[in-house]
Amino acid sequence: MAKTGSKFSKMNGILFAIFFTIIYFIIGTIGIIFVDFFYFSNREWIFLLITLPIMFYIAYRFIYRSMEQIEILTDQQLKLTIYKSVFDQMNEGLVITNAKEEIIKVNPSFTVMTGYREDEVIGKTPAILSSGLHSREFYDNMKKELRENGRWQGEIINQRKNGQFYPEQLSISEIRNLKGEITHYIGVFTDMTHQRKAEGKIEFLTHYDTHTKLPKYNLFMKHLHNYIIENEANSNHQFSLFIVDTAKLKALNAAYGYKVGDELLQTLAIRLQNRYKGLLMGRLNSKEFAILNPHLYEKEAILKEAEDLIREIELPFYREGEEFFLSATIGIGIFPEHGATADELYKNATLAKTAAKEVGSKYQLFGNELLSNVRRKILLEKHLNRAIEMNELELYYQPQIDIQKNHFIGLEVLLRWNHTKLGMISPDEFIPIAEETNLIIEIGEWVLEQVCLQIKKWEKTGVLIPKIAVNLSPKQFQHPEFLTKTQQIIQRTNICPSFLEFEITENMSFFEGDSVIDTMNGLKELGIKISVDDFGKGYSNLSYLQQLPIDSIKIDRSFISHIPDNKQNTALTKAIIAMAHELELTVVAEGVEKEEQIEFLHKHHCNIAQGYYYSKPLSTEDIITFLKKANGNCQIVY
């Protein structure tokens, strides 16, 4: 491109010289003609011809070139003006030094960022900005890379004129002349202070909870891991880890909004921080805190601290004149007995917390027995998914007797799990698991269908059972398709719905929804009886007994088992029976084992009883044997 431009420039110069020479010739010719008019001579023409090449050279060499240089200088001046404007207005700081690294020029942004005026740094080296935070090795490596590559780029901490340190992104380039000698260095830098502050905020939000300012899970676990390493290196001293799982937050958030819940958690965090000043704490998730306590490792002291901590958490919280309450469950692990690593210790403390919830305790210390129970629960949960498929679920039936007439009047069906390897598993163990995993809905449907099929089988052999009571889970009863599924099973098995009675566990909150009442009314329309199970154990309330379409109540076995020795239980049982009769409800007593209990129930006009006094739960085959001996309202055809 340069050679092509040079050719055009030379050509333009020649054309200009030719044009200039022609003009000179024309003017000279006119002059000679004018002279010849007065005086004739050939010398003027000879002079004109001789001077033509001279004028051509002068025109090309001096006049045109001067004009061209003026144009180049004008163009360069414009470019310099543009460069100066960029130099002055660029946001990045710029500093130019000579080969000796002495500053010869800085831009206004340099002054803004460093606080130094231009006259204060001219002649000085950039070392005037040094913070002293970088080693000699750092600067040696910078100069080495600059020598080898002609450029260095990186982040550096420098110091402003006021002494404030600041981070900057710096790029240094060297400038060489045509001989390859370094003539200047140019440094361009950006102040990273605001960016680092923003990154610091992001870093904080990533690792710390915004409401409590406590470390989140990952950072807490990192601190716990480091603490264990330091602890092992020094004395391998025991310490405890508390996992505090707060409760009632979900209900509070739903009733008052998340702002109230967040404020309560902030207040709770302050309580915990005041109680455990200087100790490592964390907020592991929305409702879980962790506390590392190096001073507690004796079991007795740990349990006492857990009890005191629960008491403090349950103290009222005051907000805008209102009282609010939180509760908590605490799981505790001891290092290294319950975990030699951060992950293992946290896992076992969390298992202890889970176990505490399952048994209704407020705190629990991890132990081998607890671990065994948790592992068993996990195993049962896994196998319960296939219990129906593996034909491991079995139904047993316990007879119910009319106390006043001493007649057999029905059965209650009871579910059992006969595991192929673990043997018979108690309902008290697997039913809660089924509830937690929602398998109870599928299992409940299976039980109802099996009962209906069994009723049909007995009918075909001439055995008519007046009534079979089936226990329902609240989850099953509240399922939106429960009524439809029940109708489908009854139609599919072709039984009379009046043979069925559904037992629903007493629970105050369970009976509050309109959908529950609608479902009960739907069952009643089908001809199915409804009974309230475990009456007196839950939240007994006379109002729902009046409102709901129920047929009977079943007194909880905890009352019956202490009759007639316990006066309070005796009085309560008498009151329940009297109240039920006033409401025209049938009364069933479960867990009857002694003759004096039967005498008491008979005397006070309880209608029905079931328990080991009459019979233990029986298989379908054993029920036939029982019925042969029974004297009641059942018909047996052989």
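How many of the residues making up the stretch 557-592 are within 24 Å of Tyr397 (Cβ to Cβ), hydrophobic (A, V, I, L, M, F, W, C) and outside any loop (DSSP other than H, G, I, E, B)?
From the stretch 557-592, those within 24 Å of Tyr397 (Cβ to Cβ) are 557-561, 585-592; that's our starting set.
Then keep just the ones that are hydrophobic (A, V, I, L, M, F, W, C); that gives 559-560, 585, 587-589, 592.
Filter once more, keeping what is outside any loop (DSSP other than H, G, I, E, B): 559-560, 587-589.
Qualifying residue count for the region: 5.
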Just checking, does the stretch 158-167 include any residue being part of a helix (DSSP H, G or I) and touching a helix residue (DSSP H, G or I) at 6+ places or on another chain (Cβ under 7 Å)? no
Any idea which of (1) surrounded by 12 or more Cβ atoms within 10 Å (Cβ to Cβ); (2) out of contact with any Asp or Glu (no Cβ under 9 Å at 6 or more places or on another chain); (3) of a type in the set (S, T, N, Q); (4) without any contact (Cβ under 8 Å) to a residue 24 or more places away in the chain is the one Gln159 doesn't satisfy? (4)
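Among residues belonging to the stretch 177-194 that are touching a residue at least 12 places away in the same chain (Cβ under 8 Å) and not hydrophobic (A, V, I, L, M, F, W, C), point out the one that is nearest to Leu94 (Cα to Cα).
Let us first name the residues in the stretch 177-194 that are touching a residue at least 12 places away in the same chain (Cβ under 8 Å), namely 181-193.
Still in the running and not hydrophobic (A, V, I, L, M, F, W, C): 181, 183-185, 187, 190-191, 193.
Details: Glu181: 22, Thr183: 17, His184: 13, Tyr185: 11, Gly187: 6, Thr190: 9, Asp191: 12, Thr193: 17 Å.
Result: Gly187.
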Matching residues in the stretch 389-421 - criterion: being farther than 24 Å from Ser552 by Cβ, surrounded by fewer than 16 Cβ atoms within 10 Å (Cβ to Cβ) and touching a residue at least 12 places away in the same chain (Cβ under 8 Å): Met390, Glu394, Asn418, Thr420
Return a yes/no flag: does the stretch 272-279 have any residue that is in contact (Cβ under 8 Å) with a residue 40 or more places away in the chain and of a type in the set (D, E, K, R). no
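What about Val516, is it open to solvent by less than 10 Å² (accessible area, probe 1.4 Å), part of a helix (DSSP H, G or I) and at pLDDT below 85?
On the way: open to solvent by less than 10 Å² (accessible area, probe 1.4 Å): yes; part of a helix (DSSP H, G or I): yes; at pLDDT below 85: yes.
Against the criterion (open to solvent by less than 10 Å² (accessible area, probe 1.4 Å), part of a helix (DSSP H, G or I) and at pLDDT below 85), Val516 qualifies.
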Only one of these conditions is not met by Lys357: (1) in contact with a Ser or Thr (Cβ under 6 Å, 6 or more places away or on another chain); (2) surrounded by 18 or more Cβ atoms within 10 Å (Cβ to Cβ); (3) more than 30 Å from Gln450 (Cα to Cα). Which number is it? (2)
Neighbours by Cβ (under 8 Å, 6+ apart or cross-chain): first from the stretch 91-104, without any contact (Cβ under 8 Å) to a residue 60 or more places away in the chain; second part of a loop (DSSP other than H, G, I, E, B): Glu102/Gly123; Glu102/Lys124; Glu102/Thr125; Ile103/Ile122; Ile103/Gly123; Ile103/Lys124; Ile103/Thr125
Among the residues of the stretch 97-119, the number that are open to solvent by less than 40 Å² (accessible area, probe 1.4 Å) and in a helix (DSSP H, G or I) is 4
Output the number of the condition that Ala233 fails; it satisfies all remaining conditions of (1) of a type in the set (Gly, Ala, Ser); (2) open to solvent by less than 70 Å² (accessible area, probe 1.4 Å); (3) under 26 Å from Ala340 (Cα atoms). (2)
Applying the selection to the stretch 343-354, what residues are within 20 Å of the chain's Cα centre (by Cα) and surrounded by fewer than 21 Cβ atoms within 10 Å (Cβ to Cβ)? Asp343, Lys347, Thr350, Thr354
Looking only at the stretch 260-291, which residues are over 16 Å from Asp209 (Cβ atoms), in a helix (DSSP H, G or I) and open to solvent by 20 Å² or more (accessible area, probe 1.4 Å)? Asn274, Arg275
Pairs needed: first member in the stretch 342-363, more than 18 Å from Thr246 (Cβ to Cβ); second member anywhere, surrounded by fewer than 22 Cβ atoms within 10 Å (Cβ to Cβ) and among the polar types (S, T, N, Q); C-beta distance under 9 Å; at least 6 residues apart or different chains. Ala342/Asn226
The number of residues in the stretch 475-487 that are over 24 Å from Val463 (Cα atoms), in a helix (DSSP H, G or I) and open to solvent by 40 Å² or more (accessible area, probe 1.4 Å) is 5
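Conditions (1) within 21 Å of Asn385 (Cα to Cα); (2) surrounded by 17 or more Cβ atoms within 10 Å (Cβ to Cβ); (3) out of contact with any Cys (no Cβ under 9 Å at 6 or more places or on another chain); (4) among the hydrophobic types (A, V, I, L, M, F, W, C), marked per residue:
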site	(1), (2), (3), (4)
Pro427	yes, no, yes, no
Ile433	yes, yes, yes, yes
Gln454	no, yes, yes, no
Ala469	no, yes, yes, yes
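Please state which one of Glu92, Glu174, Glu155 is on the phi < 0 side of the Ramachandran plot and either modelled with pLDDT of 90 or more or aliphatic (A, V, I, L, M) (or both).
Details: Glu92 fails: either modelled with pLDDT of 90 or more or aliphatic (A, V, I, L, M) (or both); Glu155 fails: either modelled with pLDDT of 90 or more or aliphatic (A, V, I, L, M) (or both).
Going through Glu92, Glu174, Glu155 in turn, the sole match is Glu174.
For the stretch 147-157, give me each residue that is in a strand (DSSP E or B) and of a type in the set (Asp, Glu).
Pass one, the stretch 147-157, residues in a strand (DSSP E or B): 151-157.
Result: Glu155, single match.
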What are the pairs, 6+ residues apart or on separate chains, where a residue within the stretch 437-460 that is over 16 Å from Phe502 (Cα atoms) has its Cβ under 8 Å from a residue that is among the acidic types (Asp, Glu) and in a helix (DSSP H, G or I)? Thr437/Glu381
Take the residues of the stretch 162-206 that are of a type outside the set (Val, Ile, Thr) and in contact with an Asp or Glu (Cβ under 7 Å, 6 or more places away or on another chain): which is most open to solvent (accessible area, probe 1.4 Å)? Gln169
Among (1) modelled with pLDDT of 90 or more; (2) of a type outside the set (S, T, N, Q); (3) exposed (fewer than 11 other Cβ atoms within 10 Å of the Cβ) - the single one Asp75 does not satisfy: (1)
Scanning the stretch 521-545 residue by residue, the ones that are in a helix (DSSP H, G or I) and modelled with pLDDT under 90 total 4
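The values are calculated or read from the model by the stated rules, or taken from the named source; none is laboratory data. Note that the coordinates shown come from a computational prediction; the quantities given were computed from them, not determined experimentally. Heads up, the Cβs are rebuilt from the backbone with ideal geometry, glycines too, and the neighbour counts pull from every protein chain shown. The protein model used for the area step is the full one, side chains on, heavy atoms only, and it has no ligands, DNA or RNA in it. Shrake-Rupley method; radii C 1.70, N 1.55, O 1.52, S 1.80 Å.
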